[in-house]
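The values are calculated or read from the model by the stated rules, or taken from the named source; none is laboratory data. Just so we're clear, the structure is a prediction, and the values are computed from it rather than from any experiment. Don't worry about glycine lacking a Cβ; one is built from the backbone with ideal geometry, like all the others, and counts go over all protein chains shown.
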Amino acid sequence: MSGATTLQRVPFVNLARQIERLRPELVAAFEAVLDDRAFIKGPHVAAFEAAFAKALGVPHAVGCANGTAALSLALEAAGIGPGDEVIVPSLTFIATGEAVCHVGATPVFCDIDPDSYTLDPEDLLRRLTPRTRAVVPVHLYGTPADMGAILAIAADHRLVVIEDCAQAHLATYHGRTVGTLGTAGGFSFFPGKNLGALGDAGMVTTSDPDLAESVVKLADHGRLSKYEHDRIGHNQRLDGLQAALLTVKLPHLAEWTERRRRIARYYDARLRPAGIKTIVPPAGADPVHHLYVIEVDDRPAVVARLAASGVETGVHYPIPLHLQPAFRGRHGYERLPNAERAAARVLSLPICGEITVEEAAWVCDRVLDTLHPTGRRGG
Ligand SMILES: *Cc1c(COP(=O)(O)O)cnc(C)c1O
């Protein structure tokens, strides 16, 4: 298949292709917002919240400014604050830990399972103290965390569970959508996420009507009415323009997710037989492949060789949170060997809702040429 190709470069994420396909509808949505000037709150936000809730099968979805705000609003609405410890996996984007700090609580970093790269429930048990009030499992790379074990521990210890769903729109665990499993879920619509705005946007999902109402209020200055405020809140609303643009994109999410799944299966079939380590999801998890991650030795050399051959790659993430300078002094130093080993070895290959099988085949040829771990190409 790749023999006849004229490909010279495969980008890490091809947003240009997606935007070109949707351009007329996106422009129409932009003009609708110009015409009705519903910039803050209003019908576009309400419509997107309703559509997203329906897509997930969750009773309440509350739009907010971004994914980081979604997590901190959910934590705050669940009553987490100063003096509370919140357990967070160390291998994640900085925002998971930041959100805990934003509500005045203390993040406690936890190791990951080396196969799924998500929070290790056994290490979660080791990190519990009398001050532990919440856990934030991250469905990293679009792979649902081992929620059965995590929810059982949370029930035993009365922990709030805020799912970080920023990378996992429509992923399921034993048939249930992530963001509907814990106390609440926090989603990001950062442009490169599986469902991306043309700017910043986020969403909190929950089946608890009181928690949803608190998030609405906290995101909007603690408002009771226009100029009456009974809580100190924030300005972390979802704006009408992003909501209108996301409403155009949402109906395509299922087809983009199917493409990601097909490409991930293709990568698995080509790379696993060559001895390359890839993600193994927990039992019952159906991932949405926000990122396709392999492990390599001598990553800087591999990145450079792939870049020279036209394959753009990423590293998610090179520094685990417990080793980030920003968190230094906030916690005792702990070795988290699985998170540290993964951070040194992970490499993300191109994947997105618009990548073609031909492009994936071309990427595999370059990767196998670069690594040739068993001296043959596989597939
Ligand atoms: C993107 C991301 C966030 C933060 O979302 P923003 O919209 O960028 O604030 C949080 N957690 C994870 C795992 C993410 O990937």
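Only one of (1) of a type outside the set (D, E, K, R); (2) surrounded by 17 or more Cβ atoms within 10 Å (Cβ to Cβ); (3) modelled with pLDDT under 95 fails for ALA326. Which number is that?
Among (1) of a type outside the set (D, E, K, R); (2) surrounded by 17 or more Cβ atoms within 10 Å (Cβ to Cβ); (3) modelled with pLDDT under 95, the lone unmet condition for ALA326 is (2).
Please enumerate the residues belonging to the range 277-314 that are closer than 11 Å to LEU349 by Cα and among the charged types (D, E, K, R).
GLU295, GLU312
Can you tell me which residue in the range 198-213 is farthest from LEU75 (Cα to Cα), limited to those that are within 16 Å of the ligand (Cβ to nearest atom) and buried (at least 23 other Cβ atoms within 10 Å of the Cβ)?
Across the range 198-213, the extreme among qualifying residues is ALA201.
Could you please let me know if VAL293 is surrounded by fewer than 20 Cβ atoms within 10 Å (Cβ to Cβ) and under 19 Å from the mean Cα position of the chain (by Cα)?
no
What number of residues in the range 212-239 are out of contact with any strand residue (DSSP E or B) (no Cβ under 6 Å at 6 or more places or on another chain) and closer than 15 Å to ALA184 by Cβ?
Counting residues in the range 212-239 that are out of contact with any strand residue (DSSP E or B) (no Cβ under 6 Å at 6 or more places or on another chain) and closer than 15 Å to ALA184 by Cβ gives 4.
Mind checking which residues of the range 51-107 are away from the ligand (no atom under 15 Å from the Cβ), free of Cβ contacts under 8 Å to residues at least 40 places away in the same chain and in contact with a strand residue (DSSP E or B) (Cβ under 7 Å, 6 or more places away or on another chain)?
Correct list: ALA105 only.
So in the range 151-169, with the set limited to residues that are crowded, with 22+ Cβ neighbours inside 10 Å and more than 18 Å from ASP84 (Cβ to Cβ), which one is farthest from the chain's Cα centre (by Cα)?
Step by step, filter the range 151-169, then rank; the result is HIS169.
Is it the case that the range 258-265 has a residue that's within 16 Å of the ligand (Cβ to nearest atom), in contact with a His (Cβ under 6 Å, 6 or more places away or on another chain) and outside the structural domain of GLU76 (by TED's automatic domain parsing)?
Among the residues of the range 258-265, at least one is within 16 Å of the ligand (Cβ to nearest atom), in contact with a His (Cβ under 6 Å, 6 or more places away or on another chain) and outside the structural domain of GLU76 (by TED's automatic domain parsing), which makes the answer yes.
Which residues, counting only those in the range 109-147, are surrounded by fewer than 24 Cβ atoms within 10 Å (Cβ to Cβ) and either in the same structural domain as LEU321 (by TED's automatic domain parsing) or not in a loop (DSSP other than H, G, I, E, B) (or both)?
Selection gives PRO121, GLU122, ASP123, LEU125, ARG126, ARG127, THR132, ARG133.
Do we find that PRO281 is within 30 Å of LEU250 (Cβ to Cβ) and surrounded by 15 or more Cβ atoms within 10 Å (Cβ to Cβ) in this structure?
yes
Applying the selection to the range 155-197, what residues are among the hydroxyl-bearing types (Ser, Thr, Tyr) and touching an Asp or Glu at 6+ places or on another chain (Cβ under 8 Å)?
THR172, TYR173, THR183, listed by residue number.
When you look at VAL216, is it surrounded by 18 or more Cβ atoms within 10 Å (Cβ to Cβ) and within 15 Å of the ligand (Cβ to nearest atom), yes or no?
Taking the combined requirement at face value, the residue does not satisfy it.
Would you confirm, using the coordinates I've provided, whether PRO320 is buried (at least 18 other Cβ atoms within 10 Å of the Cβ) and either out of contact with any Leu (no Cβ under 7 Å at 6 or more places or on another chain) or modelled with pLDDT of 95 or more (or both)?
Spelling it out, PRO320 is indeed buried (at least 18 other Cβ atoms within 10 Å of the Cβ) and either out of contact with any Leu (no Cβ under 7 Å at 6 or more places or on another chain) or modelled with pLDDT of 95 or more (or both).
Residue by residue, here is whether (1) on the phi < 0 side of the Ramachandran plot; (2) at pLDDT below 95; (3) surrounded by fewer than 24 Cβ atoms within 10 Å (Cβ to Cβ); (4) part of a helix (DSSP H, G or I) holds:
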position	(1), (2), (3), (4)
ALA74	yes, no, no, yes
GLY81	yes, no, yes, no
LEU91	yes, no, no, no
GLU98	yes, no, yes, yes
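Within the range 247-278, count every residue that is surrounded by fewer than 16 Cβ atoms within 10 Å (Cβ to Cβ) and part of a loop (DSSP other than H, G, I, E, B).
Result for the range 247-278: 1.
Consider ALA155 carefully, then state whether it is in a helix (DSSP H, G or I), among the small types (Gly, Ala, Ser) and either over 27 Å from SER348 (Cβ atoms) or within 12 Å of the ligand (Cβ to nearest atom) (or both).
yes
In this structure, is THR180 more than 17 Å from the chain's Cα centre (by Cα) and not in a helix (DSSP H, G or I)?
No: the conditions fail for THR180.
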